[in-house]
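Input: a single structure, listed below in structure tokens.
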Amino acid sequence: MRKTFKYRLFTTRLESELLDEQLGEACRLYKAALQERREAWKQRVSVNYYTEANQLKEIRAARDLGLANFSCCQDILRRVNKTYEAFFRRVQQGEKAGYPRFKSGRRFDSSTFPSYGDGIKLNDNRLRIQGVGQVEVKLHRPVGGKIKTVTIKRECGKWYASFSAECEAKPLPANPKEIGVDVGLESFATLSDGKSVPNRRWYQRAEAKLRRAQRKVTRRKKGSDRRRKAVRLLEKIHQGIKNQRNECQHKFTFWLVQNFATIAVEDLHVKGLASGMLAKSVHDVAWASFFSKLAYKAENAGRTLQAVNPQGTSQTCTCGAAVGKELSDREHVCTACGLLAPRDVVSAQVILERARMSPSNRNVAECIACVV
């Protein structure tokens, strides 16, 4: 399996300037490739990745491109090609297409070395980057597996290196425990054993700071140094929200994988939920990010992650009877079996029951006789 290890780079002023220059050249190549495709379309000429890649040697020989590594140039052209492939796919599927656009140098924040050892190499706590030199890297944990690619990224004025490595799974000892997880907005997650994880609402807590920071950006003149400083402050607040949310999710998913062999969750259509009246709260709680982290951790640990049909999990009793509830009803009362419990706990138990019925994935009511 592929895993990514992200580390902070501590650069000098000169190294930061050189990295900025490399990203600037990568952005210039991206825009040139995009412009060539636009002009070719007007003339009804077909241009693909290989058409543009064959021009690289001539361009570099004429010293018209300052990007140091040849493989990085190829990766930029692959990025343009993927952008167009995604655009045409959306057109064919009848989705909102969004034609590929030019990127500002301030929004072009990453460059990838597709072959480790070609232009980039890790030596102890130093990362040798072609065109920049030896850069100090904070190795807070060892890089596991065989390194395949390295991406240099700029975030909020800081530099990071992401190593994509091919790793072997490390299964944990066998564990008979099972757990159902019901995600929500009142509580981030409720477990089938009655425990719950509170929803920290990181974005909601920081909204006052964000309002003030956004107001500063709006009042500054576009293109000025003061506006750039205000934008940097706004970026740092958003980055802080992201870091807090990620830390909380990493800790919770790690605990789940360590303590349970089978984890049952709902197969939610998060994108659809994030476009409704609760869009801000759904984005804040970040269910998709949570499921993604849980999936790769479970795969690496040899655990079973079962996603079940979410339809009716909050309107069904563990005995199989239908128990209709409004969103404001927080208690589950079953007149068939007499069960009285918090609705989220019962939903988590129903999710776990559906996972046990896998692969049929039928409703509890179809498989369990109601206790009359």
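The values are calculated or read from the model by the stated rules, or taken from the named source; none is laboratory data. Model, not experiment: these values are computed from the prediction. Counting neighbours? That spans all protein chains shown, and the Cβs are built from the backbone with ideal geometry, glycine included. Areas reflect the complete protein model, heavy atoms only, side chains present, ligands, DNA and RNA absent. Shrake-Rupley method; radii C 1.70, N 1.55, O 1.52, S 1.80 Å.
At a Cα cut-off below 16 Å, give the aspartates and glutamates reachable from K146, other chains included and same-chain residues fewer than 8 away excluded.
D118, D124, E166, E168
Taking all protein chains in place and a 1.4 Å probe, what share, in percent, of the accessible surface of region 185-262 do carbon and sulfur account for? Present the calculation step by step, with values, prior to reporting the outcome.
Working: 2430 of 5120 Å².
Using a 1.4 Å probe with all protein chains present, region 185-262 comes out at 47 percent carbon and sulfur.
To the nearest 20 debye, what is the magnitude of the charge dipole of region 177-324 about its Cα centre, counting +1 on the Cβ of each Lys and Arg and -1 on the Cβ of each Asp and Glu?
Values: 28 positive and 12 negative charges, 414 e Å.
The dipole of region 177-324 has a size of about 1980 debye.
If you roll a 1.4 angstrom probe over the protein chains with everything in place, what fraction of the accessible area of region 280-338 belongs to carbon and sulfur, to the nearest %?
The C+S portion of the solvent-accessible surface of region 280-338 is 51 percent.
Sum up the lysine pairs in region 192-259 that clear both bars: alpha-carbon distance under 28 Å and a spacing of 8 or more or different chains.
Final tally of qualifying lysine pairs is 19.
Take the alpha carbon atoms of region 149-194, find their center, do the same for region 84-147, and report the distance between the two centers in whole angstrom.
Centre-to-centre (Cα) distance: 21 Å.
Against the longest alpha carbon principal axis of the chain, how many degrees, from 0 to 90 and to the nearest 10, is the axis of helix 70-92 turned?
Its long axis makes an angle of about 50 degrees.
Would you mind checking the tilt of helix 207-219 against the longest principal axis of the Cα atoms of the chain, expressed as 0 to 90 degrees and rounded to 10?
Taking the Cα atoms of the chain, the angle to 207-219 is about 30 degrees.
If you place +1 on the Cβ of every Lys and Arg and -1 on the Cβ of every Asp and Glu, how big does the dipole about the Cα centre of the chain come out, in debye to the nearest 20? The partial results should precede the final answer.
Details: 69 positive and 38 negative charges, 446 e Å.
Approximately 2140 debye in magnitude.
Enumerate the aspartates and glutamates that K31 could reach by cross-link, defined here as Cα to Cα under 19 Å, with residues fewer than 8 away along the same chain left out.
Within the straight-line limit of under 19 Å, K31 reaches these aspartates and glutamates: D20, E21, E39, E52, E58, D64, D75, E85, D109.
Compute the accessible area per residue over region 31-115, keeping the other protein chains in place, probe 1.4 Å, unit Å². Show your work: numbers first, answer last.
Working: 5580 Å² over 85 residues.
I get 66 Å² per residue for this part.
Taking the Cα atoms only, what angle lies between the long axis of helix 13-42 and the longest principal axis of the chain, rounded to 10 degrees?
Approximately 90 degrees, to the nearest ten.
Rolling a 1.4 angstrom probe over the protein heavy atoms, how many square angstrom per residue are accessible across region 217-356?
54
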